[in-house]
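One structure below.
The values are calculated or read from the model by the stated rules, or taken from the named source; none is laboratory data. Quick caveat, the model's predicted, so the values are computed rather than measured. Backbone-built Cβ (ideal geometry, glycine too); neighbour counts: all protein chains shown.
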């Protein structure tokens with residue numbers, strides 16, 4: 001136990017070192033495009049309009065330095081996924097091999113007599129231990145690296161406060177859900193994965209309904225969208241696509257990041273249309289309309305519920321896989337590790353390691369599920385907003401931190417959104433087939 005305490009103390013010392021060191025702010029100005037819509041000459045409408053030439057003209061807006069930085073950031077993320085996976089396995093190994101997991105189980109059994117409460121206490125201790133043990137990688141990947149590439153704006157104190165808020169939410173919710181899962185394990189044995197799958201579906205649905213209302217405001221300030229042309233355009237798009245318009249807001253994402261984003265979140269009475277202040281302050285009206293058309297596409301096409309169903313199915317297979325592999329590992333190594341049976345809470349790190357392995361292996365599948373929905377929303381947004389130049393420009397802004405033109409296999413494995421190239425090319429295809437419509441809109445705007 002002394003070795004465990006020494007390890008935890010050393011990790012906390014690393015946090016203190018990070019606080020004192022702070023990250024040098026990045027240089028977003030050199031990475032980002034300036035505000036305003038850009039239309040390359042080769043992308044303008046006309047009888048000789050060529051999709052490939054127009055697409056390349058947009059890609060050429062990236063300077064060699066911007067493209068090199070974007071590629072380095074995104075490709076570095078490939079390795080970060082691997083190191084994150086291996087680091088997570090190492091955390092599980094530390095909990096099991098050091099005896100810390102058994103100590104947390106024994107402590108929970110000494111504190112209370114009811115097994116359900118014992119499991120909840122263990123789960124809370126497990127979350128705390130995992131948070132502390134994972135801090136070194138989190139500090140690097142989510143704080144230092146984001147500042148290095150000019151994508152983060154928070155100081156370490158504010159960043160760590162947000163991490164602590166996320167931990168607090170987890171401590172309020174997750175111990176009881178894990179305790180319920182262990183109750184299912186005790187009652188139905190090897191069929192626990194079926195109950196876990198049903199519970200995951202219910203949890204996702206409730207989260208989609210409640211998170212926009214109760215959780216998101218813990219991290220950002222939400223207020224009604226400012227008056228002006230943007231608000232009018234967003235409300236027009238929302239009404240035209242039968243999206244509830246009584247909750248259209250903006251939020252201060254600039255306190256955390258330089259990225260642009262928006263979303264239409266919630267359902268069953270909790271739907272909210274939200275734009276971050278970076279999108280409002282750094283882009284043009286055509287870009288905002290294009291982005292909001294995309295986000296509203298997710299709502300109209302029922303992507304929220306559909307993705308919940310797909311993810312639940314994947315989790316169901318993952319829990320079945322975990323049950324089979326976990327039982328085999330428990331039979332072979334359980335006694336040496338001091339684990340009793342599958343209902344022993346101290347074995348949770350072992351089960352988590354197996355589930356982590358499963359999701360690492362199916363990353364191309366989960367990314368492809370998300371990418372398909374995003375591609376559908378792209379096409380819906382083009383048809384709804386009718387802003388191909390705005391959508392192409394927004395895609396270029398995102399490409400300052402997403403590799404713009406990956407290979408086909410690279411996109412399947414690592415991209416959960418279509419690549420910047422695919423999005424710009426799709427915009428130019430739409431433009432080619434709707435040149436008269438776009439020309440009329442541009443002429444109307446010029447006459448105002």
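Structural remarks
- Applying the condition of being surrounded by fewer than 19 Cβ atoms within 10 Å (Cβ to Cβ) and within 27 Å of the chain's Cα centre (by Cα) to the range 234-246 and asking which residue is farthest from residue 296 (Cα to Cα) yields 246.
- The listed residue being in a helix (DSSP H, G or I), assigned by TED's automatic domain parsing to the domain that holds residue 82 and more than 30 Å from residue 147 (Cβ to Cβ), out of 347, 373, 446: 347
- Matching residues, the range 429-440, being in a helix (DSSP H, G or I) and under 35 Å from the mean Cα position of the chain (by Cα): 429, 430, 431, 432, 433, 438
- Residue 394 being touching a residue at least 60 places away in the same chain (Cβ under 8 Å), part of a helix (DSSP H, G or I) and closer than 23 Å to residue 362 by Cα: no
- Residues in the range 407-428 that are farther than 19 Å from residue 82 by Cα, outside any helix (DSSP H, G or I) and in contact (Cβ under 8 Å) with a residue 12 or more places away in the chain: 3 in all.
- Conditions (1) within 18 Å of the chain's Cα centre (by Cα); (2) modelled with pLDDT of 95 or more; (3) under 26 Å from residue 202 (Cβ atoms); number of the one not met by residue 275: (3)
- Residue within the range 169-176 that is in contact (Cβ under 8 Å) with a residue 24 or more places away in the chain, in contact with a strand residue (DSSP E or B) (Cβ under 9 Å, 6 or more places away or on another chain), assigned to a helix (DSSP H, G or I) and closer than 30 Å to residue 401 by Cβ present: no
- Each residue in the range 212-228 was checked for being in contact with a strand residue (DSSP E or B) (Cβ under 8 Å, 6 or more places away or on another chain) and more than 13 Å from residue 269 (Cα to Cα), and 8 pass.
- In the set (1) in contact (Cβ under 8 Å) with a residue 24 or more places away in the chain; (2) touching a helix residue (DSSP H, G or I) at 6+ places or on another chain (Cβ under 6 Å); (3) surrounded by 14 or more Cβ atoms within 10 Å (Cβ to Cβ), the condition left unmet by residue 218 is number (3).
- Flag for residue 199 being more than 18 Å from the chain's Cα centre (by Cα) and closer than 20 Å to residue 312 by Cα: yes
- Any chance residue 313 is closer than 23 Å to residue 214 by Cα and either surrounded by fewer than 20 Cβ atoms within 10 Å (Cβ to Cβ) or modelled with pLDDT of 95 or more (or both): no
- Scanning the range 63-98 for residues that are in contact with a helix residue (DSSP H, G or I) (Cβ under 7 Å, 6 or more places away or on another chain) and outside any helix (DSSP H, G or I) turns up just one, 98.
- Some residue of the range 187-209 being surrounded by 13 or more Cβ atoms within 10 Å (Cβ to Cβ) and over 30 Å from residue 325 (Cα atoms): yes
- In the condition set (1) without any contact (Cβ under 8 Å) to a residue 40 or more places away in the chain; (2) assigned to a helix (DSSP H, G or I); (3) over 14 Å from residue 316 (Cβ atoms), residue 227 is compliant with all but (2).
- Residues located in the range 423-443, provided they are surrounded by fewer than 21 Cβ atoms within 10 Å (Cβ to Cβ) and under 30 Å from residue 360 (Cα atoms): none
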